[in-house]
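Asks: Below is a structure I'd like to ask you about.
The values are calculated or read from the model by the stated rules, or taken from the named source; none is laboratory data. Quick caveat, the model's predicted, so the values are computed rather than measured. A quick note on method: Cβ atoms are made from the backbone with ideal geometry, for glycine too, and the neighbour counts reach across all protein chains shown. In case anyone asks, the SASA skips ligands and DNA or RNA and just uses the protein heavy atoms, side chains included. Shrake-Rupley method; radii C 1.70, N 1.55, O 1.52, S 1.80 Å.
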Amino acid sequence: METLSQHLEYLGLCGDNTEAEDQILESLNGILLALTEDKQRSFSLLRESGIFITLAKILKGNTRCAVKAAQVLSEIAKNEEMKKTCIEADLVLALIPLLESTDQEMLLHAGRAIGRICYDNRDLQEELVKVGVITSLVRILTDYAESEPLVHVDLLALCNLADFDTAKEALSRTKVAEQLVKQLRRAENHERLEIVFEVLQALAENDVLKVQLVEAGVQEVLSEILMRLQGSSQAEDTCIVKAASDLIVSLLLGDGNCVRMVQLGVIHQLLDLLEKHVESGDISVQHAALSALRNLAIPVVNKVQMLEEGVAERIQTLLRSEMPPVQFKLLGTLRMLADGQADAAEILGQDPMLLNRLVQWCNANDHVSVRGEANRLLASILRHNRSQEVVKAIQEAQAVKHLVSMTTSKHAALQNEALNALAIASAIDLETLEESFKESQLVQSLHKLLQDDNTSPEVKYNSMGLLCSLLKSGDLRQEIEADKIKETLEQLCSHSNANVVKEAVTTLQVLRGERPISLPSSP
């Protein structure tokens, strides 16, 4: 400690003397040595000495000694109390210009010192972004991509700054996406992968950076990582797989990115992942993979490719799971695939095992979300189907009563899905459905919907559209007449909604056996 005091005294007297560089370096090394021997006593002496002003002068005006001064500061800044002293001496502003150096040792120590001083200090971090440190960080990542220590320090800095919107904007004007994808590809250990993933996840919150990451091929690397770690039961590998899955979900910006993901085969890696984890795997991994699957099934072009590649069959295999959250999301994915795809609806609608399973879930009172999604999938199959065979298969599976029950849901969107599905099915093969409609009291349910003032105009409109189809059946017509729906329809002719009025007039004409007269639509 006596030697340290001498070094501090010398630096205080001659620290800004450029002709005494050898002695200055010796004193700086003496500080480093003292810090390794007794940190607490060294910190106490350093605080009392006022050496920080001298260190700032060395950083600014002595190129040869600045590297060692930066190293001293990086060690001092490991201590929470000493960080405050560094901040008070404005040492961060003295360190920032050193990030423009081409000396790797300088960059390493300056980067560590800045990172440690600014860690967990939002105001200082925001100041770093304002003074343009982002450009320096990306340059270092680009120029020294093979230097493990420098890349590590650089990534930690990006990790700390990437949450700021201003930082994301600054990064979007650089080629950081390319560099991060390179680092993701060459990362060989879990720690490095985790840091890169953390940075990528933050950047994926920015729309411009999302596109840049996809253009840089991040999905190919994610696909490779999922493939490489497939089958591993190590906890560290599971964490990486989870991070990769989460990032895929975040990157699903617009149809373009989703389409690119499917073209790259990511969908099959997600399914492989699910098949491995569906029974006993990590719930968070399942959640991420299932969310990604559902989003990938939204673009029309993806639906076609996924169906051609047998994705629907693989999802049905996964439905063996007894875990309600898994069932819910898989059913949602199948519904997305069937949406607007007659071929998919026909395939799913003629699978007796799937239909029987859906009917079981429609009875699952203990899992409301699964029951709702099973009903919605049944409705979707009928709405997008044009085949008489599918109508017969759904009738044989005793699924019709569940769709009738769905018309009385508390949610108008679900009511309309069910009403449209039943109307299309009735148009295709009313004779097959007639008995089920009578048993499930469909006519009476529709009448209640029309009578209820709380029923939305769209639900009333679709209910009358379905009634028009039912009137083609002699038995159902008798039920409609017996239930005195005619009076309700007459009242609806003075409804406040023009479309409801129009449909009420049309339905009355069909009920009376008249040829419907086309009414002008409301403006």
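Asks: Write down, largest first, the equivalent ellipsoid semi-axes of the stretch 212-269 in whole Å, where each equals the square root of 5 times an eigenvalue of the alpha-carbon gyration tensor.
Replies: The equivalent ellipsoid of the stretch 212-269 has semi-axes of 21, 11, 9 Å.
Asks: In straight Cα distance, which lysines are under 20 Å from Lys83, not counting same-chain residues fewer than 8 positions off?
Replies: Once the sequence-local lysines are set aside, what remains near Lys83 is Lys39, Lys57, Lys60, Lys68.
Asks: If DNA, RNA and ligands are ignored and the probe is 1.4 Å, what is the ranking of Arg320, Arg314 by accessible area, most exposed first?
Replies: Per-residue accessible area, sorted high to low, gives Arg320, Arg314.
Asks: One-quarter of the Cα convex hull surface for the stretch 308-451, in nm²?
Replies: Value for the stretch 308-451: 8.0 nm².
Asks: Contour minus end-to-end for Glu275 and Glu88, with contour as 0.36 nm per residue of separation and end-to-end as the Cα-Cα distance?
Replies: Contour length minus the Cα-Cα distance gives 61.7 nm.
Asks: A further question on this structure: Excluding same-chain residues fewer than 8 positions from Lys242, which lysines have a Cα within less than 27 Å of its Cα?
Replies: Lys168, Lys175, Lys182, Lys210, Lys276, Lys303, Lys329
Asks: Any idea what the dipole of the stretch 228-273 comes to, in debye rounded to 20, about its Cα centre with Lys/Arg Cβ at +1 and Asp/Glu Cβ at -1?
Replies: 80 debye
Asks: Two decimals, Cα atoms only, Kirkwood Rh: what is Rg/Rh over the stretch 445-519?
Replies: With Rh from the inverse mean 1/r over Cα pairs, Rg/Rh is 0.93.
Asks: Then there's this: When the Debye formula is applied to the Cα atoms of the stretch 79-150, each taken as the same point scatterer, what base-10 log of I(q)/I(0) results at q = 0.27 Å⁻¹?
Replies: Ignoring solvent entirely, the Cα scatterers give -1.33.
Asks: Rounded if a/c is under 1.5, else prolate if a/b beats b/c, else oblate: with a ≥ b ≥ c from the C-alpha gyration tensor eigenvalues square-rooted, which is the stretch 166-210?
Replies: The shape class here is prolate.
Asks: Okay, moving on. Rg and Dmax in Å for the stretch 116-167, alpha carbons only: what are they?
Replies: Here Rg and the maximum Cα pair distance are 10.9, 32 Å.
Asks: For the chain, what is the mean residue ellipticity at 222 nm derived from helices alone (per DSSP H run of n ≥ 4: -39500 (n - 2.57); sum divided by total residues; nearest 500 deg cm²/dmol)?
Replies: So the helix-based figure for the chain works out to -24000 deg cm²/dmol.
Asks: Magnitude of the Cβ-charge dipole of the stretch 1-96, K/R +1 and D/E -1, about the Cα centre, nearest 20 debye?
Replies: 340 debye
Asks: Between Val368 and Asp475, what is the label-to-label distance in nm when each label sits 7 Å out along the Cα-to-Cβ direction?
Replies: 3.5 nm
Asks: Quick one: Cα convex hull volume of the chain, Å³ per residue?
Replies: With only Cα atoms used, the chain gives 188 Å³ per residue.
Asks: Also, quick follow-up: Report, as a whole number in µm² per second, the diffusion coefficient that Stokes-Einstein gives for the stretch 263-380 at 4 °C and 1.567 mPa s using the Kirkwood radius over alpha carbon pairs.
Replies: After rounding, the answer is 92 µm²/s.
Asks: Quickly rank 223-235, 451-463 as a protection proxy: mean count of other C-beta atoms within 10 Å, highest first.
Replies: 451-463, 223-235
Asks: Here's a follow-up. If you take the charge dipole of the chain about its Cα centre, with +1 on Lys and Arg Cβ and -1 on Asp and Glu Cβ, which of Asn206, Ala235, Cys86 is farthest toward its positive end?
Replies: Among Asn206, Ala235, Cys86, the one farthest towards the positive end of the dipole of the chain is Asn206.
Asks: What span do the alpha-carbon atoms of the stretch 1-120 cover on each of the three principal axes, reported in whole Å from largest to smallest?
Replies: That gives 36, 36, 22 Å along the principal axes, largest extent first.
Asks: Let me have the relative contact order for the chain, percent, based on Cα pairs under 8 Å that are six or more residues apart.
Replies: It comes to 6 percent, rounded to a whole number.
Asks: Just want to confirm a number: the relative contact order over the stretch 1-120, from Cα pairs under 8 angstrom separated by 6+ residues, in percent.
Replies: 24 percent
Asks: Å³ per residue of the Cα convex hull, for the stretch 420-460?
Replies: Normalising the Cα hull of the stretch 420-460 by residue number yields 64 Å³.
Asks: Binning at 5 Å from 0, report for the stretch 161-304 what percent of all alpha-carbon pair distances ends up in each bin.
Replies: 2, 10, 21, 23, 21, 14, 7, 2, 0
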